[in-house]
1. Of the listed values (1) 9, 33, 36, 17, 5, 0; (2) 8, 31, 31, 19, 9, 2, 0; (3) 9, 38, 40, 13, 0, identify the label whose number matches P(r) over Cα pairs in 10 Å bins from 0, in percent calculated from this model.
2. Using r as the Cβ-Cβ distance of Leu157 and Val100, and R0 as 41 Å, what FRET efficiency do you calculate, to the nearest 0.05?
3. Select from the chain the helices, each a whole stretch of DSSP H, whose alpha-carbon atoms run 24 Å or more along the helix axis and whose Kyte-Doolittle mean is at least -1.0; answer none if there are none.
4. Would you mind telling me which residue in Leu13, Leu72, Leu187 has the biggest mean-square fluctuation in a Gaussian network model of the chain, where springs connect alpha carbons within a distance under 10 angstrom?
5. Add -39500 (n - 2.57) for each DSSP H run of 4 or more in the chain, then divide by its residues: what number comes out at 222 nm, to the nearest 500 deg cm²/dmol?
6. Taking N as the number of residues in region 2-55, what is its Cα Rg relative to 2.2 N^0.38 Å?
7. Given charges of +1 on the Cβ of Lys and Arg and -1 on the Cβ of Asp and Glu, with all other atoms neutral, how large is the dipole of region 2-55 about its Cα centre, in debye to the nearest 20?
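Computed from the coordinates by the stated procedures, all read-outs in this text should not be read as laboratory data. These numbers come from a predicted model, not from an experiment. Note that we place each Cβ from the backbone using ideal geometry, even for glycine, and neighbour counts take in every protein chain shown.
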Amino acid sequence: MKQLERLKRIKALAETGLVYAEDEYNRERYEELKEIALELISDVADRPLPVLKDFYMPVIDYPTPKVDVRGLVLNEKNQVLMAKESIDGKWTIPGGWAEVGFPPSSCVTKEIEEETGLDTKVLRLLAVYDKQSHPHPPQPFYIYKLCFLCKLIGGELNHGFDMQDAAFFDIDNLPELSKDRILESQLKQLHTMAVNNLKDVYFD
């Protein structure tokens, strides 16, 4: 949605202005611009304004995108490991927000273990998706999605406390996907890259 992306850009510009403003006169105007942008984002994304304000930390440095990490895990039949989200009751490949203090590879294997009970090892990066460049549902945050190919090395399949289920699925018989987290086009692209051992990393 172009309108939402433009509003997020306006918010980022206001935050950049707050970082570099040298006098109170300009700070007041950047604060007002940021507040207006948040109100409009709340309307367009249908998210309560207090929730957005709680989510966005005070900006003390140049604003950057959030990072989501996801792991593609295949079994011996090339079926895809998936977890069922408690939030919307739909399915996704395991993953979540990257955590400060941990490299992306550690973040994704931790998420896989927590959501499915399986131990994995990262083999390589498959793709970096800019969510605004793909038809995800509109949301107020600007996000890069890092998708890794992971190898199953142990554990026992068992969904985590914050998931409803975990299972392997054929790529041509996928369950209903949580489109905020993964799209069918992305999942099939990742699967093709892994099965055919394509070495190029997709980006954007």
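1. Checking each listed value against the structure points to (2).
2. Efficiency, rounded to the nearest 0.05: 0.90.
3. Numbers: long enough: 2-20 (27 Å, -0.32); 24-45 (31 Å, -0.73).
Span-like helices here: 2-20, 24-45.
4. Of Leu13, Leu72, Leu187, the Gaussian network model singles out Leu13 as fluctuating most.
5. Working: 5 runs with 73 residues, N = 204.
It comes out at -11500 deg cm²/dmol, rounded to the nearest 500.
6. Computed over Cα atoms of region 2-55, the ratio equals 1.14.
7. Here the size comes out at about 380 debye.
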